[in-house]
Every structure is written in C-alpha cells, then in structure tokens.
Amino acid sequence: MSDSTTPRPVVLDVWCELQCSDCRGALADLRALRERYGDRLELRLRHFPLEKHKHAFAAAQAAEEAAEQGTTWPYVEAVLERVEELDRRGEPFLLDVARELGLDADEFDTALIDGRHILIVDADQAEGKAIGVTGTPTYVIGGERLDGGKSQDGLRARVEEIADRLLAEA
C-alpha cells in the first residue's frame, strides 16, 4: 500500500526528437517546469524520431542508453543544445556527449551497434502515432495532447494549468 501523504507525481510525456530544433526551443520550458514542480511532476521522455533527420533514431537509442546509465535529461539537453553538431557529426557526436557527461561511451557504442534499445524507440514511435503525434515536441498531460511543433507560445502555461488542476485533485 502506498503512503497517502505523498501524492503520485503528475506525468508529463514529452514526445521529443533529439535532432529537432523545435525540441531545443522547448528546453527552457522543460527546465522551468522541473524547477517549479520538482518531483511533483514526472517528465517522461518519449521518442518520436522523424525520417527527415538521419541521426534521430540513433540519438533516441543513445538517450535510452543514457537513461540506463542514470542520466536521461542531462544527456538529452546536452544533445539538443548542440543539434547542429549532431546534424554534422552523427554517432561520433553522441559518444562524445556521453564522454563529456562521464558516462561509459564504449557502452553507448555497443548499444548503438547491438540495437538493444530499438524496441523502446519503436514502441514509443508507434504509441505516438496511435495517439496522433505528428511532430515534435508534443506533450501529453492528464490525457490532453499539446502540440509544440507548431509553436511553443502558451504551452508552458497550459501545462502548468493542467498540472495544477491534477495536483489539486490528488
């Protein structure tokens, strides 16, 4: 039985693509949400690599390896902040970011070769398509889908409005 004094965090699924400049543009909002809510809001990275970005699928797998090594969001942010470098350099860049963060880059390399995280990325992408995700970033909170691919304007306020309501209900 769970402790009733600690409400479960509100979940915000963030459908993201690590070669996407719109996702990079969302970083400030994601940081602000983490700062405001702390552990009352669980940001869950969901993968939606787009075919037009040739390194996006590898980047999604690398993010899963970062998660495996306990460093999801710092890795995601480091890659997104340098999206042009990912465009230019591809997988070697993903390994360099792992090294910079003190992660096991050899394990990243092995993971990209053996494809151990492909099923997670494929499952996220399939679920995204099933719920109507067409671009990134897209947020899902409290059963509501918010499309940030067109514009980030007002999205953080809308996420906060929903999160505040869900937290009050809990």
Once neighbouring chains are kept in place and the probe is 1.4 Å, which whole percent of the accessible area of the stretch 39-122 is contributed by carbon and sulfur? 47
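For Pro92, what charge total do you get from the other residues with a beta carbon under 11 Å from its beta carbon, if Lys and Arg give +1 and Asp and Glu give -1?
Details: positive: Arg88, Arg89, Arg99; negative: Glu85, Glu91, Asp96, Asp109.
Residues near Pro92 contribute -1 overall.
Over all directions, the average projected area of the alpha-carbon convex hull for the stretch 11-104 comes to how many nm²? Don't jump to the answer; show the numbers that get you there.
Values: hull surface 22.4 nm².
Average of the hull's projected areas for the stretch 11-104 equals 5.6 nm².
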Working note, the stretch 15-170: Cα radius of gyration (Å, one decimal) and Dmax (Å, whole number) are 15.4, 47
Skip the ligands, DNA and RNA, and give the accessible area per residue of the stretch 39-100 with a 1.4 Å probe, whole Å². 46
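The values are calculated or read from the model by the stated rules, or taken from the named source; none is laboratory data. Bear in mind that the values here come from a model prediction, so they are computed numbers and not experimental data. Cβ coordinates were reconstructed from backbone atoms using ideal geometry, including for glycine residues, and neighbour counts include every protein chain displayed. With ligands, DNA and RNA removed, areas are computed over all heavy atoms of the protein, side chains included. Shrake-Rupley method; radii C 1.70, N 1.55, O 1.52, S 1.80 Å.
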